[in-house]
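Asks: Quick one: this structure, given as structure tokens, is what I'll be asking you about.
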Amino acid sequence: MSEEYSIYEHLEPELLKDADGNVVKYSDRVALPPSILESLVNQQQRLSIASLPHPLIFRLQAEKSNSAVNSFVGVKEFTSQEGTILLPEFIYDKLVSPDNNDSTINITLASDIPKGTSIALKPLELYPEIKDWKYFLEAKLIKSYTTLSTNDTVCISEKDKVYKLLVEQAEPTSAICLIDTDIDLSIVPLDDEMAREMSNQQDTETVLQYGTNAVTIADTEHSHAYKLQLDNSNDLCLSLSINSQDVNLVDLLISNNQFISKDSLQWSTIPFNENSNINKNDGTISICIPKTDHWIEGKEFVYILPIVWSEGESFKSQLSISRIAEAHVTTSSLQETLKADEAKCSNCGKHVPKQSISLHENFCHRNNIKCSCGQLFLKKIPDTHWHCQNDAYFGATIEGRDIHQKLHHTEYECSLCSTTLPNYIQLALHKSTECPERLHICRYCQLTVPQEVPSAEAMLSSMTQHEYQCGSKTTECHQCSKIVRQRDLQTHMQLHELDRKQQVAPIVCANVNCCRILNEPTDLQLCSVCFGPLYSTDYDPNYVKLKNRLERKYILQLTRGCGTSWCKNVECISSGINPSLKTTTLKEKISHISNDLLTSVPLINQNVVTAKYYLCVDNLVTKRKFMADMIYEQGQYEYGWICEAVSKLSFDENGSEMGQVSSMEQWLHKHAVKVGE
Ligand SMILES: [Zn+2]
Ligand SMILES: [Zn+2]
Ligand SMILES: [Zn+2]
Ligand SMILES: [Zn+2]
Ligand SMILES: [Zn+2]
Ligand SMILES: [Zn+2]
Ligand SMILES: [Zn+2]
Ligand SMILES: [Zn+2]
């Protein structure tokens, strides 16, 4: 057991420097003298222990300003001078007081630090540029730190900026080891603002736009998918600049399914079957997906996962998204035509003046070696240059060769359904399309469920088996209460839509103060309520009696008024809207009635097409009319539809005006036809 090891030394602290001679600032990894490693190995052999504890963690103790301070550290290397310990500045400042030149550090092996299970970190400032703390820390923390303790402040430097975080909590003990363990990392928000931002971020995906986008390319464990809304009328072309990376090490993975992962996708820039839509040049990798592609047709979104196959790598780059492929400069177009006084070198193909061609060729054959793939190397083909034995691929790094082997020539078993696939690309396509365990969101129940093995019927209706079965369940149409199958509901609703659009707007009562709907067209174009006082069973072939009744009603309105407080009738003295009614004589009023009011009444005046009346109405109609006019001003619907909507409102309870407007708008949206629809 590691408890048996005993290391106890006094060392003189110095600052740790990197290969360029700069002081290492933020890390907990120290450099120790080789004798400590020697001593550990000797003890290991004496105690017959299979291996040294991993990672090695030491406890450092020192006296600073008359009090004991200590810190746990990991080891960077065993290269310091005997008797000295090299500390990153961060640890140095913690243990050594600036004015004390002869301080010593006591070092012991800390064999009791358990692997961490969870930590909670709290950023000590607002760092708005960090959108995903977990991702940021997972990528950075173990690069510099071996161990953390509660109440420690961790500093991480990234692009000249230092991020400070307080260790609020660590499990299972207050000091934990970060290496070779899966730690549940949680972020404690610094303040309310940060808490709000963190909760907002949880449901927003990173959305890409056509044009140039900044993206992060990370290894398969840390890569992050981006979402793009498709323009279905054009091809989709993606082009990623990868700077100096080996083209075999970086790929764009693309899927029409949001559950994209490194091995579940439909398209990728992994070169396969001589796919001419993929281009991998030095510095750029690109792919074009034609709009007619089976998997992209009719899809609203695609999900893009940029990855680098090398573990632990991560870099930022530019992803261009366009509707047509950018022209690629082909090598043939770069070839210049041979001039009259030039000759072509048989080795490197360069154009050289004729008089010096033999000199050049001699030199060239001696110094340049041409590989069978066409690449030219100075003197020797480097060991890292490789050709695949199974196909025409070649590359410049051993890692690239291994990735090629892994993606193209290795059999895989689907982790979900155990089907065997001949290579990685087939595996990825299988997992994103036909695998019965592939997850999707059911269009009917809206749950994330496996798609299952499709029956012939499901395939015919372009549904997954789950959706086909889910869609066979029935539901009640909220408009007509008919029982319909889920999968027929859409067609059923389209019929309702069609019916709705074919309707004509209801006819409104011709009384300008009224907004009631006419159940059927009438000669006078008045609603039954407004017509009520004018109704008579008397024989009246020339409408003389009708004219008299209407005239009498108008005289009453203009002289005595209807006597109500709510009246808004311009031709009623009670409303007060027309003040001149108080001063005009009866004779003037009678002539106004016969010249202006009765002339717009059908039956009385044969020429009237659109009738117009000015009759007093009750309080409820006055309120409804007010609401209807308000909505009508927005110009979205014909007046008839609005009057029908307003007739559905109940004014008996103290409903708010806003609530009434919105319930009218809902009714209109569902039943009415918009202007121009
Ligand atoms: Zn040459
Ligand atoms: Zn070659
Ligand atoms: Zn190959
Ligand atoms: Zn499968
Ligand atoms: Zn379902
Ligand atoms: Zn229905
Ligand atoms: Zn009316
Ligand atoms: Zn009135």
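The values are calculated or read from the model by the stated rules, or taken from the named source; none is laboratory data. These numbers were taken from a predicted model, which means no experiment stands behind them. For neighbour counting, all protein chains shown are included, and Cβ atoms are generated from backbone atoms with ideal geometry for every residue, glycine included.
Listed here are the residues, each with its yes/no results for (1) away from ligand 2 (no atom under 16 Å from the Cβ); (2) among the β-branched types (Val, Ile, Thr); (3) within 60 Å of the chain's Cα centre (by Cα).
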| site | (1), (2), (3) |
| --- | --- |
| Thr474 | yes, yes, yes |
| Asp488 | yes, no, yes |
| Ile517 | yes, yes, yes |
| Glu520 | yes, no, yes |
| Lys545 | yes, no, no |
| Leu550 | yes, no, no |
| Thr559 | yes, yes, no |
| Cys562 | yes, no, no |
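Asks: Looking at (1) over 38 Å from the mean Cα position of the chain (by Cα); (2) under 30 Å from Phe259 (Cβ atoms); (3) of a type in the set (Ser, Thr, Tyr), which one does Tyr444 not meet, given that it meets all the others?
Replies: In the conditions (1) over 38 Å from the mean Cα position of the chain (by Cα); (2) under 30 Å from Phe259 (Cβ atoms); (3) of a type in the set (Ser, Thr, Tyr), Tyr444 misses (1) alone.
Residue by residue, here is whether (1) over 60 Å from the mean Cα position of the chain (by Cα); (2) more than 15 Å from ligand 8 (Cβ to nearest atom); (3) not polar (S, T, N, Q) holds:
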position: Ser575; (1), (2), (3): no, no, no
position: Leu597; (1), (2), (3): yes, no, yes
position: Lys612; (1), (2), (3): no, yes, yes
position: Asp629; (1), (2), (3): no, yes, yes
position: Gln636; (1), (2), (3): no, yes, no
position: Glu644; (1), (2), (3): no, yes, yes
position: Lys648; (1), (2), (3): no, yes, yes
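Asks: Given the structure, is Asn519 closer than 30 Å to Gly676 by Cα, within 16 Å of ligand 8 (Cβ to nearest atom) and either at pLDDT below 90 or not hydroxyl-bearing (Ser, Thr, Tyr) (or both)?
Replies: Criteria not met by Asn519.
Asks: Exactly one of these conditions fails for Gln43: (1) more than 28 Å from Asn151 (Cβ to Cβ); (2) surrounded by fewer than 17 Cβ atoms within 10 Å (Cβ to Cβ). Give me its number.
Replies: Of (1) more than 28 Å from Asn151 (Cβ to Cβ); (2) surrounded by fewer than 17 Cβ atoms within 10 Å (Cβ to Cβ), only one is false for Gln43: (2).
Asks: So, in the stretch 428-458, of the ones that are assigned to a helix (DSSP H, G or I) and free of Cβ contacts under 8 Å to residues at least 12 places away in the same chain, which residue ends up surrounded by the fewest Cβ atoms within 10 Å (Cβ to Cβ)?
Replies: Among those that are assigned to a helix (DSSP H, G or I) and free of Cβ contacts under 8 Å to residues at least 12 places away in the same chain, it is Ala456.
Asks: Oh, and also: Val529 passes all but one of (1) of a type in the set (A, V, I, L, M); (2) away from ligand 8 (no atom under 11 Å from the Cβ); (3) crowded, with 16+ Cβ neighbours inside 10 Å; which number fails?
Replies: The one condition Val529 does not meet is (3).
Residues checked against (1) without any contact (Cβ under 8 Å) to a residue 40 or more places away in the chain; (2) within 30 Å of Ala505 (Cα to Cα); (3) away from ligand 3 (no atom under 16 Å from the Cβ); (4) aliphatic (A, V, I, L, M):
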| residue | (1), (2), (3), (4) |
| --- | --- |
| Cys567 | no, yes, yes, no |
| Ser574 | no, no, yes, no |
| Asn578 | yes, no, yes, no |
| Leu586 | yes, no, yes, yes |
| Lys589 | yes, no, yes, no |
| His592 | yes, no, yes, no |
| Val601 | no, yes, yes, yes |
| Met627 | yes, yes, yes, yes |
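Asks: Filter the stretch 459-487 for residues that are basic (Lys, Arg) and either within 16 Å of ligand 3 (Cβ to nearest atom) or closer than 17 Å to Leu447 by Cα (or both); which is surrounded by the most Cβ atoms within 10 Å (Cβ to Cβ)?
Replies: Among residues in the stretch 459-487 that are basic (Lys, Arg) and either within 16 Å of ligand 3 (Cβ to nearest atom) or closer than 17 Å to Leu447 by Cα (or both), the one surrounded by the most Cβ atoms within 10 Å (Cβ to Cβ) is Arg487.
Asks: What about Arg500, is it out of contact with any strand residue (DSSP E or B) (no Cβ under 9 Å at 6 or more places or on another chain), surrounded by fewer than 16 Cβ atoms within 10 Å (Cβ to Cβ) and not aromatic (Phe, Trp, Tyr)?
Replies: yes
Asks: Would you be able to say whether some residue in the stretch 504-518 is farther than 30 Å from Asn569 by Cα and either more than 16 Å from ligand 6 (Cβ to nearest atom) or in contact (Cβ under 8 Å) with a residue 40 or more places away in the chain (or both)?
Replies: no
Asks: Restricting the stretch 335-357 to residues that are part of a strand (DSSP E or B) and within 26 Å of Ser372 (Cβ to Cβ), which is farthest from ligand 8 (Cβ to nearest atom)?
Replies: That would be Ala343.
The rows are residues; the columns are (1) touching a strand residue (DSSP E or B) at 6+ places or on another chain (Cβ under 8 Å); (2) at pLDDT 90 or above; (3) within 23 Å of Ile296 (Cβ to Cβ); (4) more than 16 Å from ligand 7 (Cβ to nearest atom).
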site: Leu421; (1), (2), (3), (4): yes, yes, yes, yes
site: Leu427; (1), (2), (3), (4): yes, yes, yes, yes
site: His430; (1), (2), (3), (4): yes, yes, yes, yes
site: Arg438; (1), (2), (3), (4): yes, no, yes, yes
site: Ile441; (1), (2), (3), (4): yes, no, yes, yes
site: Gln446; (1), (2), (3), (4): no, no, no, yes
site: Pro454; (1), (2), (3), (4): no, yes, yes, yes
site: Ser462; (1), (2), (3), (4): no, no, yes, yes
site: Gln465; (1), (2), (3), (4): no, yes, yes, yes
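Asks: Got a number for residues in the stretch 123-152 being in a strand (DSSP E or B) and either at pLDDT below 90 or assigned by TED's automatic domain parsing to the domain that holds Glu77 (or both)?
Replies: Summing the residues that are in a strand (DSSP E or B) and either at pLDDT below 90 or assigned by TED's automatic domain parsing to the domain that holds Glu77 (or both) in the stretch 123-152 gives 1.
Asks: Residues of the stretch 400-427 being within 15 Å of ligand 3 (Cβ to nearest atom) and either over 30 Å from Asp383 (Cα atoms) or surrounded by fewer than 18 Cβ atoms within 10 Å (Cβ to Cβ) (or both), which ones?
Replies: Correct list: Asp402, Gln405, Lys406, His409, Thr410, Glu411, Pro422, Asn423, Gln426.
Residue by residue, here is whether (1) loosely packed, with under 12 Cβ neighbours inside 10 Å; (2) within 16 Å of ligand 7 (Cβ to nearest atom); (3) closer than 29 Å to Asn248 by Cα; (4) free of Cβ contacts under 8 Å to residues at least 60 places away in the same chain holds:
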residue: Asp341; (1), (2), (3), (4): yes, no, no, yes
residue: Ile369; (1), (2), (3), (4): no, no, yes, yes
residue: Leu378; (1), (2), (3), (4): yes, no, yes, yes
residue: Asp383; (1), (2), (3), (4): yes, no, yes, yes
residue: Trp386; (1), (2), (3), (4): no, no, yes, yes
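Asks: Then there's this: Hey, could you check the stretch 521-540 for residues that are part of a loop (DSSP other than H, G, I, E, B) and touching a Lys or Arg at 6+ places or on another chain (Cβ under 8 Å) and say which is farthest from Tyr613 (Cα to Cα)?
Replies: So the residue we want is Asp538.
Asks: Here is a follow-up. Any idea which of Ser97, Ser118 is surrounded by fewer than 21 Cβ atoms within 10 Å (Cβ to Cβ), under 45 Å from the mean Cα position of the chain (by Cα) and among the small types (Gly, Ala, Ser)?
Replies: Ser118
Asks: While we're looking at this one, here's another question. Any residue in the stretch 488-497 that is at positive phi, away from ligand 3 (no atom under 16 Å from the Cβ) and either assigned to a loop (DSSP other than H, G, I, E, B) or touching a strand residue (DSSP E or B) at 6+ places or on another chain (Cβ under 8 Å) (or both)?
Replies: no
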